[in-house]
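Read through the structure below, which is laid out as structure tokens, and then see the notes.
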Amino acid sequence: MTSTSKNDPLNLLHTNPGAIKSGSDKELVHNLLREIVRVKELIKHYDSAEDGSGKLGAAILNELVLEAYNSLVNYDVLLMRKYYDLLLNCD
């Protein structure tokens, strides 16, 4: 297993589906992953802005996505909820 796959929250779902404890936690993981994917697309939009005007926004969103990934990898439900709410409001 490579270092990349160790830190991939999707790997948790594929290799150890029993690690997610309850239905609401499964829904939270699914919703957080969906928001991470959505915000990563938003980051591409910010990065493509002319004259680098979206670089600050992209950097902030990248940090939020990184922290959201970390909350999944560490299975910290409180942080997952926090980052889900933060990512949900990114536009």
**Study point:** Candidate set: segment 48-91, residues that are among the hydroxyl-bearing types (Ser, Thr, Tyr) and in a helix (DSSP H, G or I); chosen: the one farthest from Ser24 (Cα to Cα)
**Key:** Tyr69
Review point. Which of the residues that make up segment 8-57 are surrounded by 12 or more Cβ atoms within 10 Å (Cβ to Cβ), at pLDDT below 55 and not hydrophobic (A, V, I, L, M, F, W, C)?
Key: Pro9
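The values are calculated or read from the model by the stated rules, or taken from the named source; none is laboratory data. Keep in mind that this is a model prediction, so the values were computed, not measured. Methodologically, a virtual Cβ is constructed for each residue, glycine included, from the backbone with ideal geometry; neighbour enumeration extends over all protein chains shown.
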